[in-house]
Amino acid sequence: MMYNNTYFKDLGVRAEYSTFAPDGKAMERHVMLHVEPRGELFGEQIQRLQDAEEKVLALQPSLKKVFKRYFFSDIVNQAPLVPTDDSCTTCFIQQPPLDGSKVAVWMYLQEAEDVTVQDGVAIVKNNGYEHYWQMGKYETQGNSFTQTQMLLYNYEEMLESHNMTIERNCIRTWFFVRDVDILYKGMVEARKANFFSQGMREDTHYIASTGIGGVPQDTKSILVLDTYAIKGIANNQQRYLHAPTHLNPTSEYGVTFERGTCLEFGDRKHIIISGTASINNKGEVVNAGNVIKQAHRMWENVETLLAEGGATFGDVMQIIVYLRDPADYGTVKQMFEEKFPETPFVITLAPVCRPQWLIEMECMAIIPNNTREYRDF
């Protein structure tokens, strides 16, 4: 794992990036772009970010863009000003970056034989695998239950057109929900019904996921769905992470997602950690009202999940931190800078699905592997 932090002084943009680059194997890179506020309008900030993106891409021309996620402070007015990029799949979400800027960007880059974008789906083909990233999908009709139902139905149709299913091929989902304190329940119930219809139960498996507050671009939309699926893996290439000493099955408190997933390839393992907060193995909120103690318990939970997949915090490629109260930003930023001095991360304003949770994080890690049982990534 290699970490770099580049400051483009002329642009006032900081690029934090992590790179997994085994000799002779496909390279992967996660990038967080942060723009310095200079008291200007959004158009100038997004232009500086776009220019910095080009500089980052020029550092390693063999890497191809797979997806981008924009974190906006005012999505309705800002998203229309972002230039269209048909070279990857993109998510727009209002989760204001708490560094005072109007926008931040997370990018995922990969060396691959082929990356194409079809109807908003980035299809990455490499070494016999096909990776399907679909970002920023939303509906505009109905309540949170109906919109979730339609999003998952449309996702099913897309997967079926490529001979896949959610149950067999989906690795990761993100649900960004408007007014999460009120509208989260409808999403949970629709997801549960969809998973049940596909044979997913508490004694089989669910999907690694984050369900968090976020405002869609369209004022009629209640939620945004991002997804990742892969075609070409055997059943035993994916196993689920539980950390029972620290966490309980999510089904015990009425939701249906996995705490994490370990995806094994011949040359590496991907450890994907779902949105994780300060919770114990009885499903109870721990350290209510204290963001510092909640952050420490959250780290403990994530560290235990990573260890179950064979990884440590030193293997983490990127982190997204979600805060309920923007007044906690200074404290949390200092904590993360001290604990993760090199790891790319972004801190956004995004309420967690229980009001008592003040902070949540998610991350992805990669560790080397060496087995002939599976094809390389």
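Considering only alpha-carbon pairs that sit under 8 angstrom and 6 or more positions apart, the relative contact order computed for region 105-159 is 18 percent. In straight-distance terms, cross-link reach from LYS137 covers every one of the lysines whose alpha-carbon lies under 16 Å from its own, apart from those fewer than eight places away in the same chain; here that gives LYS68, LYS220. Dipole magnitude for region 45-132: computed about the Cα centre from +1 point charges on Lys and Arg Cβ and -1 point charges on Asp and Glu Cβ, it is near 220 debye.
For VAL286, the solvent-accessible surface with a 1.4 Å probe is about 30 Å², rounded to the nearest 10.
Taking Cα centre as origin and charging only the Cβ of basic (Lys, Arg, +1) and acidic (Asp, Glu, -1) residues, the dipole magnitude of the chain rounds to 320 debye. Using a 1.4 angstrom probe and counting only protein chains, how large is the accessible area of MET158 in Å², to 10? Roll a 1.4 Å probe over it and MET158 shows about 30 Å². In the context of the full set of protein chains, the chain has a per residue accessible area of 39 Å² (1.4 Å probe).
Among TYR108, ILE207, THR348, whose Cα projects farthest towards the positive end of the dipole of the chain, with charges put on the beta-carbon of Lys, Arg (+1) and Asp, Glu (-1)? My answer, from the dipole projection, is ILE207. Each of (1) 24.2; (2) 22.4; (3) 16.9 is a candidate for mean projected area of the Cα convex hull in nm²; the one calculated from this structure is (3). Computed from backbone phi, the HN-Hα couplings of region 351-361 come to x, 7, 5, 10, x, 6, 7, 8, 8, 9, 9 Hz, rounded to whole numbers (Karplus: 6.51 cos²θ - 1.76 cosθ + 1.60, θ = phi - 60°; Gly and Pro given as x).
Which of LEU49, SER18, GLY39 sits farthest toward the positive end of the charge dipole of region 1-84, with +1 on the Cβ of Lys and Arg and -1 on the Cβ of Asp and Glu? Comparing the listed Cα positions along the dipole, SER18 ranks first. The lysines whose alpha-carbon is closer than 21 Å to the alpha-carbon of LYS9, local same-chain residues fewer than 8 away aside, are LYS55, LYS102. Given a 1.4 Å probe and every protein chain left where it sits, what share in percent of the accessible area of region 12-107 is carbon and sulfur? The nonpolar share, carbon plus sulfur, comes to 49 percent.
Rounded if a/c is under 1.5, else prolate if a/b is larger than b/c, else oblate: which is region 255-377, with a ≥ b ≥ c the root eigenvalues of its Cα gyration tensor? Walk me through the numbers before you get to the answer.
On the way: a/c = 2.51, a/b = 1.74, b/c = 1.44.
Since a/c reaches 1.5 and a/b is larger than b/c, the shape of region 255-377 is classed as prolate.
Farthest toward the positive end of the dipole of region 298-337, out of TYR329, ALA307, GLN318, is the Cα of TYR329, where the dipole comes from beta carbon charges about the Cα centre.
The values are calculated or read from the model by the stated rules, or taken from the named source; none is laboratory data. Given the structure is predicted, the values throughout are model-derived calculations rather than measurements. Every residue, glycine as well, gets a Cβ built from its backbone with ideal geometry; the counts of neighbours run over all protein chains shown. Quick note on the areas: whole protein, heavy atoms, side chains included, nothing else; ligands and nucleic acids left out. Shrake-Rupley method; radii C 1.70, N 1.55, O 1.52, S 1.80 Å.
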